[in-house]
Each structure stands twice: as C-alpha cells, then as structure tokens.
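One structure is given below, encoded as structure tokens.
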Amino acid sequence: MNKLLKLIKIDIIHSYSINKLNKKHNAKRKLGSLIATLILGLFLLCFIAFIVISLGVICKQTNQLDTLLILGYTLGTVLCFTVTISKANGFLFEARDFELLMSMPISNKTIVFSKLCSLLILNYLGFGAVFIPCLIVYGVLSLASIGFYILGLIAFLVGPFLVVAVCSFISYLLGLLLRRTKFKSIIMSMVSLLIFIVFMLFYMSFVVKTSAIEGELGNDFNAIMQLYGDMIKGLKENIQTYYPIAKFLSEGLQGNLVSYLIYLVIMVIPFALLVLVVSKNFLKANMRSKNSSSSKNYTFKDQKQENKIVAIFKRDFKRFISSTNQMLNIGIGPILSTILVVVMAINFKNIECFPAAHYI
C-alpha cells in the first residue's frame, strides 16, 4: 500500500510539473503559472456554480429538479470522455516511465493500480467540477436528507469508471491499429477535437435557439417559464432516451434502490474487466509500444534546404497538432466562434419554425 501511494504521488507530481517548482531558475515562473491556474480554476468553479444555481431555480419552478442530476452526470461524463480518450493509452499502454518502473522492486499489480488511480484522479477533476455543484444544489433545493449525500458521494466515486473503461479499450484498440503509423498522436488529437466540436455544436444549438425564442417572448415571465419548462423537459427526455444510465442514477438518488444498484453494476463491471485486461497486457502492450518499424527500401537523394521560417513553422505546427491539450487550449476560441456563427445563422434563418405563440 505504501508503494502504491508513493507511485500515485510521483505520477501526480510529474503530470502537473510540481517537481519543477524546486528548480531555482524557473521556480518563480512555475509558481506564477500555478497561482494563475488556481485562480482560473476558482473562477471556472464560480461560473459553473452560478449556472447550476440559476438552472436549479428554473428547474424547481417548473417541477423538474431531477434534471439537475441527469444533466450534471451527463456533462461530467462528456468531459471525462474528452479528456480520457487521449490520455488513457499514454497512462496504461505507453507509459514513459515503463523501463524505470520495471527496474524497481515493485509488482506489476501495484504499477497497474497506480496508473489507473492516476487516470481516475484526472477524471475526478473534470467530473466533479460539474457533477458536485449539481448534486449540492439539488440537495439544498429539495431539502434532501444525509442519505442522499452519502449515495451521491458513492455515485461520484464510481461515476468515471465506465468512461475510463470505454476510453481505455478504445485507446488500446486505436494504439494497436495505429502502432505502425507515424501520425498516431496527431490522429488521437484529431479524434478528441472532433468529439469536442460535436458536443459544442449540440450545446450552442440549444443555447442560441433558447435565446432567440426568449427574445420573441419579451418580458412575459409566465411564457418564458413555460418555454424553459418545455425545453428542459425535452432535454431530459432526450438524455434519458439516448443515455439511460443518467436516468438510473437520477432515480437511484431519489430513493429507488433498484435503479441505484443497476447504476453501480453498470459502472463497476466494465471497470473490473479493464483492471483484468490491463493487468494481463500491461507488460506486452508497453513492450510493443517501444518497438519501432522502418522501411528497408533506402534511397539516396539530394538534401533539400528549406527556408528557416518555413522549417520553424512546420516544426511548431506538428508539435501543435500532436498535442490534444494545445489544440484545445489554443484552438478553443476560433473553434467556438466559428461554431457560434454557423449555429446562429442556421437557427435565426429558420426561426419561424419556432413561433412564440406555441409556448404561450
């Protein structure tokens, strides 16, 4: 147990570059980046809390408070999926510190559990940022008992299990299919970016459509509440239809123990299978990732000298598209702006399809 905790600690330190704070030449810069990250994280949490509280008030007035639980779990799952699909393969099947760990007197079981725990901790950050505020706001507005918070805590702890299992299996299969491809990291980054874009298309479509119809209704409070109630009801029904796990969780937290047990089984069994698969294939998969293949047909050609600016641009562009974090962090502004313009153009062009009189 002591070795497991030490490995998790080391993984967290290296993942978030905390070890670089000890170096004098860049300690101030890293400390400043850490403080800025914490401030930004606090701001995002406050923003999410504000949105959840506002949505909770609307849901309570329209007698659909359980939508908070369904929406919080679903959005948290989407965040986990976006993060994990690009990270799972590197954590479990292409570990950078594989040779170092193999040279230490540590069992494979301990190493596998440390990697899984590190991956889960990464998921808890994104999942908890959405799910926990929804859980708290629902509990406060519904005057829930202490049993609700206990069940909610357990649901939070097992919440990312299914996503981690599915993403790990997908990443493992993609790693097998692309192991001889030079652009494996680029393809993995593109897949994560595509998932993010699809999610934002659905989200922006919902927001713009709501804002447009609300503008038609003016200041009629009852009509606006009826509009929100209809849209929230439609959103809840769609999520329950296409993602019934959220329905099991919502019903379970409201007192249906059968639904809660079904939710736990759906979460735990795939994760247990993942632990079994990773334990059996950890050595083989990581050894395979260290092998490299090259063509045996060599041809001598004259070396071409490129322009310095072009060479630097190519290098930075390859580095950019091979990193999922950089693509999302740098490209999120242009991507969201483009998506918003397209969705607004489509929705406002067809705004007659959603007459205000239908909601009054």
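General remarks:
- Checking Ile106, Ile121 one by one, the residue that is within 18 Å of the chain's Cα centre (by Cα) and open to solvent by 20 Å² or more (accessible area, probe 1.4 Å) is Ile121 and no other.
- Residue list for region 146-183, filter: modelled with pLDDT of 90 or more and among the aromatic types (Phe, Trp, Tyr): Phe148, Tyr149, Phe156, Phe161
- Test result for Ser192, part of a helix (DSSP H, G or I), surrounded by 14 or more Cβ atoms within 10 Å (Cβ to Cβ) and at pLDDT below 75: yes
- Single residue of Leu273, Leu249, Leu253 found to be open to solvent by 70 Å² or more (accessible area, probe 1.4 Å) and hydrophobic (A, V, I, L, M, F, W, C): Leu273
- Qualifying residue in region 92-103 (condition: open to solvent by less than 40 Å² (accessible area, probe 1.4 Å), of a type in the set (A, V, I, L, M, F, W, C) and in contact with a Phe, Trp or Tyr (Cβ under 8 Å, 6 or more places away or on another chain)): yes
Residue by residue, here is whether (1) in contact with a helix residue (DSSP H, G or I) (Cβ under 6 Å, 6 or more places away or on another chain); (2) touching a residue at least 40 places away in the same chain (Cβ under 8 Å); (3) assigned to a helix (DSSP H, G or I) holds:
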position	(1), (2), (3)
Pro133	yes, yes, yes
Ile150	no, no, yes
Leu153	no, no, yes
Val166	no, yes, yes
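- Test: Lys290 is open to solvent by 70 Å² or more (accessible area, probe 1.4 Å), within 27 Å of Leu101 (Cβ to Cβ), of a type in the set (D, E, K, R) and at pLDDT 80 or above: no
- Odd one out for Tyr260 among (1) surrounded by 11 or more Cβ atoms within 10 Å (Cβ to Cβ); (2) closer than 27 Å to Val191 by Cβ; (3) modelled with pLDDT of 80 or more: (2)
- Test: residue in region 63-75 that is open to solvent by less than 50 Å² (accessible area, probe 1.4 Å) and at pLDDT below 85: no
The values are calculated or read from the model by the stated rules, or taken from the named source; none is laboratory data. Keep in mind it's a predicted model, so treat the numbers as computed, not measured. Don't worry about glycine lacking a Cβ; one is built from the backbone with ideal geometry, like all the others, and counts go over all protein chains shown. Surface accessibility is based on the protein's heavy atoms, side chains included, excluding ligands, DNA and RNA. Shrake-Rupley method; radii C 1.70, N 1.55, O 1.52, S 1.80 Å.
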